[in-house]
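The values are calculated or read from the model by the stated rules, or taken from the named source; none is laboratory data. This one's a predicted model, so the numbers in the text were calculated from it and none came from an experiment. Positions of Cβ are generated from backbone atoms using ideal geometry, with glycine treated the same way; all protein chains shown enter the neighbour counts. Only protein heavy atoms, including side chains, enter the accessible area calculation; ligands, DNA and RNA are left aside. Shrake-Rupley method; radii C 1.70, N 1.55, O 1.52, S 1.80 Å.
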Amino acid sequence: MNRLKKKKQNAGAEVNGNGSVTREPDCGRKQKLAEIHQALINDPVDIETLRRAAGSKGGLLTDELRRKVWPKLLNINVYDLPHKPGRDVRENHKDFNQVVLDVRRSMKRFPKGMRASERAVLQEQMIDIILEVLKRTPQLHYYQGYHDVAVTLLLVVGERMTIAMLDTLSNHHLRDFMDPTMDSTKHILNYLMPILEQVDTELHDFMIRAEVGTIFALSWLITWYGHVLSDFKHTMRLYDFFLASHPLMPIYLAATIVLHREKEVKKTECDMAMVHHLLSRIPQDLPYELLIGQAQDLFNQYPPSLLAKRAALQPRKSLSISTFQAFQLATLHQRPDSVLKRLTKAQGSSTSRQASRYSGLEAALPQERGQLWGKRNRMVKMAVWGLSATLGAAVFAVAQTAMDWGPEALLQLF
């Protein structure tokens, strides 16, 4: 623990390209608000400043800012969100019953004083959100605790944005937890003990003798601590941090929590049940800003690439880790919301004009030829759009949508 304590604990933080964070002094709330606002209106959006703000003291400060910054951290276009799930999302879904049970048991995750009717509406939305995300990517497997992530997002950003964010997180940061077995999750947990060994050999050896393992930190990891923290403001602060960081940052935070409780652990009887009982009950008065700073320091000193050289971590490849660099690079070229709004409006207006012209042309054809036009000759349809005065926006919108559906959908246009 001494090596960790010797590190100077500053107030701010900067997330680097590899997901690590460099600390810097806190410049005050007003300046931070101004920096976030400026980063959001820059073209392209200044993602590095947003990551730094999310990792520094106080995080993103308000829910209003989170609704603006969280999507940018995940490369989500706020003007191209998924539609609300239809009624059919619940039909014949293999996870429906388990999702309903978990959501029904999530009452403590909602703010105290919230009306039962309002909570019931949000719980129904949670069920649909989770099933919709799972339906979108059949390779994803539901796990108990996934709903804790969903409810945190829902309470901050609303239904449609939660679908978009949860979908992205499920395919990146949370991907290892969504395999059909727990092997990948255990692989991530296996990083905990090597971190402890690097910082405090005595504590590490004590826990090895107690044979406590790492399962006490499972719920911390897979819910991003949402399941174990009673104060929602602390949960949101950690989500700011994790959304701006490497997918393994939650395990580094777990290490700092164990190290913070070093004296308690060493005073406990060296017995698996006793140590597990102590560590599995996370204190609610932890110094979160201090621990976030220490987790950032640990990540910088002992990055995953260094820890992965240990034999216990070699056999398995993490999808979350292997895709992270490409994911981060993809976030660097986003347009500000004002530009996205203007482009979306222009595309909608252009598409509407094209549809109007196309409808008039189709109506002038004989019935049989009109049917042929509408159903079969899609290349001619594209040619008509291409000859229109507002060529660019309409063709781009159609082609982009088709590419989102997949190459086979694009081929069907011709």
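Among what's in the range 302-332 and is open to solvent by 70 Å² or more (accessible area, probe 1.4 Å) and more than 19 Å from Thr214 (Cβ to Cβ), pick the residue that is modelled with the highest pLDDT. Applying the filter and picking the extreme gives Ser305. Among all positions in the range 133-147, there is at least one residue which is crowded, with 19+ Cβ neighbours inside 10 Å, farther than 22 Å from Thr62 by Cβ, modelled with pLDDT of 95 or more and of a type in the set (Val, Ile, Thr). Does Asp128 satisfy the condition of being surrounded by 15 or more Cβ atoms within 10 Å (Cβ to Cβ) and under 14 Å from the mean Cα position of the chain (by Cα)? When the stated conditions are applied, Asp128 does not pass them.
Scanning the range 263-277 for residues that are in a helix (DSSP H, G or I), open to solvent by 90 Å² or more (accessible area, probe 1.4 Å) and not hydrophobic (A, V, I, L, M, F, W, C) gives Lys263, Lys267, His277. In the range 236-252, the condition of being in the same structural domain as Met193 (by the TED database), among the charged types (D, E, K, R) and surrounded by fewer than 23 Cβ atoms within 10 Å (Cβ to Cβ) is met by at least one residue.
Taken as a whole, the structure places Ser350 among residues that are surrounded by 15 or more Cβ atoms within 10 Å (Cβ to Cβ), at pLDDT below 85 and more than 25 Å from Lys68 (Cβ to Cβ). Taking the range 213-229 as the range and being under 19 Å from the mean Cα position of the chain (by Cα) and either buried (at least 24 other Cβ atoms within 10 Å of the Cβ) or of a type in the set (A, V, I, L, M, F, W, C) (or both) as the test, the residues that pass are Leu218, Trp220, Leu221, Ile222, Thr223, Trp224, Tyr225, Gly226, Val228, Leu229. Residue under question is Pro44, and the condition is that it be assigned to a loop (DSSP other than H, G, I, E, B) and surrounded by fewer than 12 Cβ atoms within 10 Å (Cβ to Cβ); does it hold? So Pro44 fails the test.
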